[in-house]
1. Checking A107 against (1) touching a residue at least 40 places away in the same chain (Cβ under 8 Å); (2) crowded, with 23+ Cβ neighbours inside 10 Å, which single condition isn't satisfied?
2. On the given criteria, is H367 more than 22 Å from the chain's Cα centre (by Cα) and not polar (S, T, N, Q)?
3. Taking the stretch 294-321 on its own, how many of its residues are open to solvent by less than 40 Å² (accessible area, probe 1.4 Å), without any contact (Cβ under 8 Å) to a residue 40 or more places away in the chain and of a type in the set (A, V, I, L, M, F, W, C)?
4. Which residue pairs have Cβ atoms under 8 Å apart, sit 6 or more places apart or on different chains, and have a first residue in the stretch 42-70 that is more than 30 Å from Q340 (Cα to Cα) and a second that is open to solvent by 40 Å² or more (accessible area, probe 1.4 Å) and among the hydroxyl-bearing types (S, T, Y)?
5. Restricting to the stretch 49-88, what's the tally of residues that are of a type in the set (S, T, N, Q), part of a helix (DSSP H, G or I) and buried (at least 16 other Cβ atoms within 10 Å of the Cβ)?
6. For the stretch 106-180, which strands (runs of 3 or more DSSP E) that fit wholly inside it have 3 or more residues that are more than 18 Å from A247 (Cα to Cα)?
7. So, in the stretch 232-249, of the ones that are among the polar types (S, T, N, Q) and touching a helix residue (DSSP H, G or I) at 6+ places or on another chain (Cβ under 8 Å), which residue ends up farthest from P271 (Cα to Cα)?
8. So L190 passes all but one of these: (1) modelled with pLDDT of 95 or more; (2) open to solvent by 30 Å² or more (accessible area, probe 1.4 Å). Which condition number does it fail?
Amino acid sequence: MQDKELFMRDFYEERIQTNLDRKVYDIQATQDSSIVYQGKEFINLSSNDYLGLARNPLLHERGTAFQQAYGNGAAASRLVTGSFSGISQVEKKLANLKQKPRALLLASGYQANVSLLAALSSRKSLFLLDRLAHHSLLQGVLAGEGKLMRFRHNDTKHLASLLEKHASLYERVFIVTESVFSMDGDIAPLDAIIELKEQYNAYLYLDEAHATGVLGKQGMGLGVGKKVEYIMGTCSKALGSFGAYVACSEVAYHYFLQTCGGVIYSTALPPYVVGCIDQALDLIPSMNQERAQLQANAGYVATNLRDIGYTIPLQETQIIPVLIGDTKEACAFSAWLKEQGFWVVAIRPPTVPLHTARLRIAISCFHSQKQLDSFIALCKIWKNKN
């Protein structure tokens with residue numbers, strides 16, 4: 001009998017042979033800067049929990065209070081019976097912190113980008129997307145009917161040339177980018193992009209997933225107070241919980257309620273999660289000391305690794321890509337670090353472009369000097385023996 005799933009088997013075996021297969025690791029426990037896997041504790045340098053809020057007891061208390069008030073689950077789409085008042089409470093806080101008239105809470109960052117961008121799309125729209133923008137942003141544009149064009153990463157001259165050549169041919173033009181790029185940790189030239197957006201009467205859709213909680217006024221991202229039409233972000237990284245949002249105008253809020261599949265056809269976030277978000281938003285504005293420590297830790301690691309001889313782009317944020325290039329070598333480096341007690345995941349194609357496999361280090365404000373020094377020392381050992 002023919003194996004109906006032979007194509008899947010062949011695909012997976014090829015992934016294994018090329019060191020591109022993905023695995024799920026069942027973690028037994030987590031601490032602020034470590035995880036326990038198969039009974040062994042690892043210093044975690046791959047987490048997006050930048051401020052340590054994922055284990056903050058105040059989030060648990062607020063989440064429990066919301067759960068007691070509203071139940072375990074929302075039980076429906078927000079447009080049916082699932083929009084309990086705690087959601088509106090969170091949205092008002094988000095809007096105020098983002099300095100926007102309204103905010104809309106969604107289920108996850110991926111779901112938000114896919115459904116929001118698809119809702120904005122039409123056959124008369126053009127989307128100009130940064131070449132290294134997150135996969136969810138690309139999928140969101142592809143899910144709609146608009147025309148997609150890519151501009152070279154953070155290259156405003158290339159963006160300007162595309163706008164000059166094509167903007168007049170479409171009713172609406174959307175520039176789509178991240179403020180902090182998830183794989184490279186660099187920052188988009190927002191002021192220059194906004195200037196071009198204004199010049200060509202375009203819209204800007206800004207993904208602030210890795211900036212929310214960490215950068216900008218009160219830690220609320222780099223788009224705060226700027227002429228950005230749609231500011232998207234997540235609650236699953238520095239905010240320590242789950243979910244996503246878009247901050248926008250009053251009319252955009254109501255437009256998304258009518259058109260965004262992620263709102264219309266998705267059950268609302270559970271009350272416990274919404275409560276955790278609510279508490280995180282109360283804490284984030286006052287966490288300047290933690291943000292300063294986070295950036296100090298990141299700068300210290302990047303400087304020392306660069307001095308050892310690793311290829312690291314200009315360090316701007318808490319995300320540090322250690323570029324290796326060869327996928328097999330990156331996987332071997334990651335595996336060796338795990339043997340030494342450090343959890344640092346190798347990022348490989350197709351998540352990043354070919355020949356740019358890397359270790360993606362994600363720093364936390366809770367990493368101690370001793371932990372960072374130990375990691376740097378191990379990286380020096382690996383460099384010297386390879």
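1. Against the list (1) touching a residue at least 40 places away in the same chain (Cβ under 8 Å); (2) crowded, with 23+ Cβ neighbours inside 10 Å, A107 comes up short only on (2).
2. On the way: more than 22 Å from the chain's Cα centre (by Cα): no; not polar (S, T, N, Q): yes.
It is false that H367 is more than 22 Å from the chain's Cα centre (by Cα) and not polar (S, T, N, Q).
3. Count: 2.
4. Note: pairs meeting the criteria are G63/Y272; T64/Y272; F66/Y272; Q67/Y272.
5. Taking the stretch 49-88 first, the residues of a type in the set (S, T, N, Q) are 56, 64, 67-68, 72, 77, 81, 83, 85, 88.
Retained after the next criterion (residues that are part of a helix (DSSP H, G or I)): 64, 67-68, 81, 85, 88.
Filter once more, so that each one left must be buried (at least 16 other Cβ atoms within 10 Å of the Cβ): 67.
Adding up the residues that qualify gives 1.
6. 125-130, 147-151
7. Of everything passing the filter in the stretch 232-249, T234 is farthest from P271 (Cα to Cα).
8. (2)
The values are calculated or read from the model by the stated rules, or taken from the named source; none is laboratory data. In this text the structure is predicted, and so the values were computed from the model without any measurement. Reconstructed Cβ throughout: ideal geometry from the backbone, glycine too, with neighbour counts over all protein chains shown. Only protein heavy atoms, including side chains, enter the accessible area calculation; ligands, DNA and RNA are left aside. Shrake-Rupley method; radii C 1.70, N 1.55, O 1.52, S 1.80 Å.
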